[in-house]
Amino acid sequence: MATLKAVRGTRDLLPPETALWNYVEATARAVFARYGFGEIRTPIFEDTALFARGVGEETDIVSKEMYTWEDRTRADSDSAQSLTLRPENTAGVVRAYIEHKLADTGMLQKLFYIGPQFRRERPQRGRYRQFWQIGAEVLGPAWSGADSALRDAEVLEMLSTFLNKLGVKGWKLEVNSVGSSTDRPRYIAALCEALAPVKSRMSADNQRRAETNPLRVLDSKDAGDQEIINGLPKIADFLDDASKEHFAQVLATLDACGVAYTVNPRLVRGLDYYTRTTFEFTVPDGSGLGTQNALLGGGRYDGLSEMLGGPKAPGIGFAIGEDRLILTLQAQETAAVAQKLDAFVAPMGVTQNAAALALAQELRRSGLSIEVGDGSFRLKKSFEAADKLARRMVIVGEDEVSSGILTVKDFSAGEQTKVPRAELAGFLRA
Ligand code: HAM
């Protein structure tokens with residue numbers, strides 16, 4: 001019988017790698033908590049209309065990549081509802097904001113989420129059909145200060161703190177402003193006019209985008225089209241005074257907080273809801289992502305809540321591609337990757353098994369992470385297993401048990417030390 005495998009574009013996450021995932025998520029929770037964020041968990045599938053209206057019918061995500069099915073309420077029922085596995089989480093968060101009348105609290109909402117998203121993309125390294133995002137949204141009524149430039153800078157400063165805390169090397173922040181919901185149509189009209197005489201010289205993909213979603217032409221990676229793209233009008237020249245002022249304030253606040261950035265006038269991003277600030281964090285080539293070097297992206301939105309039938313609720317948010325973040329940490333060999341147990345307790349023969357497990361129990365109770373071998377291991381094998389799993393090995397032989405002095409081998413220092421049992425937990429913790 002043919003063996004069954006995980007579906008193309010999906011994958012299993014196994015130990016020890018899951019320890020790194022947990023560490024990344026725990027770090028996100030700890031950092032976000034310091035900025036006053038609370039967790040939101042929205043359903044993994046939603047009404048298809050949510051994404052069509054929220055993300056935009058003409059985006060690649062909605063037009064090509066969604067997992068959508070007709071769901072019959074009962075097996076024998078004729079009436080069906082169109083449901084979709086969420087391709088992103090912003091629309092779901094804003095739906096929940098409206099549904100639970102969070103606007104009535106009068107408070108600014110700072111919500112974060114961690115969970116799987118689904119897009120039918122061509123799988124490659126760093127691009128999957130089920131992938132994980134760690135994201136957040138800051139939104140509320142205008143009088144809660146949700147549209148303040150301070151919030152944009154706060155979110156970006158938090159992200160830089162998070163990446164630095166994980167030890168990500170060489171990240172780059174690119175920012176842009178795509179203007180207000182009235183600037184954009186003016187810009188798109190100018191863009192279409194400029195594209196009309198040149199689009200036939202562009203790649204097939206860009207010719208299609210020029211028709212369906214002209215802004216997307218700008219962030220095309222197609223090398224042959226770059227010269228034409230460079231000659232197209234820039235959105236910065238179409239911003240109204242309020243949007244210009246907002247962007248200037250965001251940059252000044254980033255400067256005040258010492259967050260480094262570059263302004264990329266072509267950064268428009270692939271979802272329809274963005275207004276004003278948009279941003280992406282990328283990592284340098286060689287960080288394990290191949291061409292998928294966008295670690296995370298986000299931006300400000302105004303009008304999304306209204307589009308979903310809710311009250312005015314400007315907001316700003318981001319989503320980190322967690323799979324890409326993990327690949328980067330592994331490729332950069334950051335310290336977080338090499339997390340090991342505190343010690344491996346190795347009994348020297350079956351007769352020491354009971355003593356070894358009792359010692360492991362004592363050490364675990366004191367909060368240390370411990371693996372324990374068993375007496376069937378030969379010393380060399382024990383050494384190899386212990387070295388892979390733990391920072392140190394504690395040898396439990398007849399002598400150790402009778403004298404109460406244990407032999408501890410430190411793998412990185414290559415030293416062996418005799419430690420009295422009463423001091424062992426403290427020694428291993430150091
Ligand atoms: P997005 O740019 O579509 O934005 O996705 C954010 C991040 O998710 C990307 O930068 C990338 O790291 C990761 N990602 C996207 N697709 C895949 C995939 N197929 N495989 C692996 N990683 C992927 C959003 O989703 C917006 N909701 C972000 C946002 C929140 N904007 C405002 N609030």
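What the table shows:
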| read-out | value |
| --- | --- |
| Single residue of segment 1-52 satisfying the filter (more than 21 Å from GLY315 (Cα to Cα) and polar (S, T, N, Q)) that is surrounded by the most Cβ atoms within 10 Å (Cβ to Cβ) | THR48 |
| Filter result (over 16 Å from ARG184 (Cα atoms), surrounded by 14 or more Cβ atoms within 10 Å (Cβ to Cβ) and not charged (D, E, K, R)) within segment 215-254 | SER220, ILE228, ILE229, GLN249, VAL250, LEU251, THR253, LEU254 |
| Flag for ASP147 being outside any strand (DSSP E or B) and either in contact with a Leu (Cβ under 6 Å, 6 or more places away or on another chain) or crowded, with 21+ Cβ neighbours inside 10 Å (or both) | yes |
| Elements of type helices (runs of 4 or more DSSP H) contained in segment 1-116, each with 3 or more residues being without any contact (Cβ under 8 Å) to a residue 60 or more places away in the chain | 17-34, 48-51, 90-99 |
| Of residues in segment 66-90 being of a type in the set (Val, Ile, Thr) and away from the ligand (no atom under 16 Å from the Cβ), the one surrounded by the most Cβ atoms within 10 Å (Cβ to Cβ) | THR68 |
| Residues satisfying the stated conditions in segment 215-236, i.e. touching a Leu at 6+ places or on another chain (Cβ under 7 Å), of a type outside the set (Val, Ile, Thr) and modelled with pLDDT of 90 or more | LEU232, PRO233 |
| Among residues of segment 267-294, those that are touching a Lys or Arg at 6+ places or on another chain (Cβ under 8 Å), more than 11 Å from the ligand (Cβ to nearest atom) and open to solvent by 30 Å² or more (accessible area, probe 1.4 Å), counted | 4 |
| Selection from segment 123-151 of residues that are charged (D, E, K, R) and either more than 8 Å from the ligand (Cβ to nearest atom) or under 15 Å from GLY106 (Cβ atoms) (or both) | ARG125, ASP147, ARG151 |
| Selected residue (only one of GLU121, GLU157, GLU174 is assigned to a loop (DSSP other than H, G, I, E, B), open to solvent by less than 50 Å² (accessible area, probe 1.4 Å), touching a residue at least 12 places away in the same chain (Cβ under 8 Å) and under 28 Å from GLY288 (Cα atoms)) | GLU121 |
| Tabulated pairs, segment 331-351, first under 21 Å from PHE427 (Cβ atoms) and in contact (Cβ under 8 Å) with a residue 24 or more places away in the chain, second aromatic (Phe, Trp, Tyr) and surrounded by fewer than 17 Cβ atoms within 10 Å (Cβ to Cβ), C-beta under 7 angstrom, 6+ apart or interchain | GLN339/TYR23 |
| Boolean, GLY317 is under 22 Å from the mean Cα position of the chain (by Cα) and within 16 Å of the ligand (Cβ to nearest atom) | yes |
| Every residue from segment 95-122 that is more than 8 Å from the ligand (Cβ to nearest atom) and under 19 Å from the mean Cα position of the chain (by Cα) | LYS110, LEU111, PHE112, TYR113, ILE114, GLY115, PRO116, PHE118, ARG120 |
| Qualifying residue in segment 355-374 (condition: open to solvent by 60 Å² or more (accessible area, probe 1.4 Å), more than 25 Å from ASN22 (Cα to Cα) and at pLDDT 95 or above) | yes |
| Any hit, segment 183-200, residues being surrounded by fewer than 22 Cβ atoms within 10 Å (Cβ to Cβ), more than 16 Å from the ligand (Cβ to nearest atom) and on the phi > 0 side of the Ramachandran plot | no |
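The values are calculated or read from the model by the stated rules, or taken from the named source; none is laboratory data. All values derive from a computational prediction rather than experimental measurement. Counting neighbours? That spans all protein chains shown, and the Cβs are built from the backbone with ideal geometry, glycine included. Just so you know, the surface numbers come from the protein's heavy atoms only, side chains and all, with ligands and any DNA or RNA stripped out. Shrake-Rupley method; radii C 1.70, N 1.55, O 1.52, S 1.80 Å.
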